[in-house]
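Chemist: Quick one: this structure, given as structure tokens, is what I'll be asking you about.
The values are calculated or read from the model by the stated rules, or taken from the named source; none is laboratory data. Because the structure is predicted, anything quoted here is derived from the model rather than measured. Please note: Cβ atoms are built from the backbone with ideal geometry, for glycine as well, and neighbour counts cover all protein chains shown. Just the protein is used for accessible areas: all its heavy atoms, side chains included, with ligands, DNA and RNA removed. Shrake-Rupley method; radii C 1.70, N 1.55, O 1.52, S 1.80 Å.
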Amino acid sequence: METLSFEFAAGQPARGKALVGVVGSGDLEVLLEPGQAGKLAIQVVTSVNGAEQRWQQLFERMFREQTLPALNIDIHDFGATPGVVRLRLEQGLEEVGHD
């Protein structure tokens, strides 16, 4: 098990919270909560050691062309593929965007 932390620039705090996925399913779980203005903080707990660069690249690709709301994102990974990670993050971001 490995715990990784990432930080990116962000806008104003999100208004909502979201929980998507279930770690017990062999997938991953993503919890999104409002964060500190200007900061997107991500913590990943993963069963795949040595994958920090893969996570960094995935986040950089996802956040390159958009400014996200300030969030604290906790990811509990059970070896999910990058495509599943992206899908779950997009689902969570859509949920926090709803009023």
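Chemist: Which of the residues spanning the stretch 61-99 are assigned to a loop (DSSP other than H, G, I, E, B), more than 21 Å from residue 51 (Cβ to Cβ) and of a type in the set (A, V, I, L, M)? Steps first, answer last, please.
Modeler: First, pick out the residues of the stretch 61-99 that are assigned to a loop (DSSP other than H, G, I, E, B): 64-69, 78-81, 97-99.
Among the residues that remain, those that are also more than 21 Å from residue 51 (Cβ to Cβ) are: 65-69, 97-99.
Residue satisfying the conditions is 68 alone.
Chemist: Counting only residues that are part of a loop (DSSP other than H, G, I, E, B) and open to solvent by 40 Å² or more (accessible area, probe 1.4 Å), which one in the stretch 27-37 is farthest from residue 3 (Cα to Cα)?
Modeler: Just the residues of the stretch 27-37 that are part of a loop (DSSP other than H, G, I, E, B), to begin with: 27, 35-37.
If we keep only those that are open to solvent by 40 Å² or more (accessible area, probe 1.4 Å) as well, we get 36-37.
Working: 36: 21, 37: 24 Å.
Across the stretch 27-37, the extreme among qualifying residues is 37.
Chemist: For the stretch 38-52, does any single residue satisfy the condition of being surrounded by 14 or more Cβ atoms within 10 Å (Cβ to Cβ), hydroxyl-bearing (Ser, Thr, Tyr) and not in a loop (DSSP other than H, G, I, E, B)?
Modeler: Going through the stretch 38-52, the residues surrounded by 14 or more Cβ atoms within 10 Å (Cβ to Cβ) turn out to be 39-48, 51-52.
Now restrict to residues that are hydroxyl-bearing (Ser, Thr, Tyr): 46-47.
After this cut, where a residue has to be not in a loop (DSSP other than H, G, I, E, B) as well, the list is 46.
Yes, the stretch 38-52 contains at least one residue that is surrounded by 14 or more Cβ atoms within 10 Å (Cβ to Cβ), hydroxyl-bearing (Ser, Thr, Tyr) and not in a loop (DSSP other than H, G, I, E, B).
Chemist: Continuing with the same structure: Mind checking whether some residue in the stretch 57-66 is surrounded by 12 or more Cβ atoms within 10 Å (Cβ to Cβ), within 13 Å of residue 7 (Cα to Cα), charged (D, E, K, R) and at pLDDT 90 or above?
Modeler: For the stretch 57-66, residues surrounded by 12 or more Cβ atoms within 10 Å (Cβ to Cβ), within 13 Å of residue 7 (Cα to Cα), charged (D, E, K, R) and at pLDDT 90 or above: absent.
Chemist: Also, quick follow-up: Can you say whether residue 46 is of a type in the set (S, T, N, Q), out of contact with any Pro (no Cβ under 9 Å at 6 or more places or on another chain), in contact (Cβ under 8 Å) with a residue 12 or more places away in the chain and under 18 Å from residue 91 (Cα atoms), as far as the supplied structure shows?
Modeler: Numbers: of a type in the set (S, T, N, Q): yes; out of contact with any Pro (no Cβ under 9 Å at 6 or more places or on another chain): yes; in contact (Cβ under 8 Å) with a residue 12 or more places away in the chain: yes; under 18 Å from residue 91 (Cα atoms): no.
It is false that residue 46 is of a type in the set (S, T, N, Q), out of contact with any Pro (no Cβ under 9 Å at 6 or more places or on another chain), in contact (Cβ under 8 Å) with a residue 12 or more places away in the chain and under 18 Å from residue 91 (Cα atoms).
Chemist: Any chance the stretch 10-21 includes a residue that's at pLDDT below 90, in contact with a helix residue (DSSP H, G or I) (Cβ under 9 Å, 6 or more places away or on another chain) and not in a loop (DSSP other than H, G, I, E, B)?
Modeler: no
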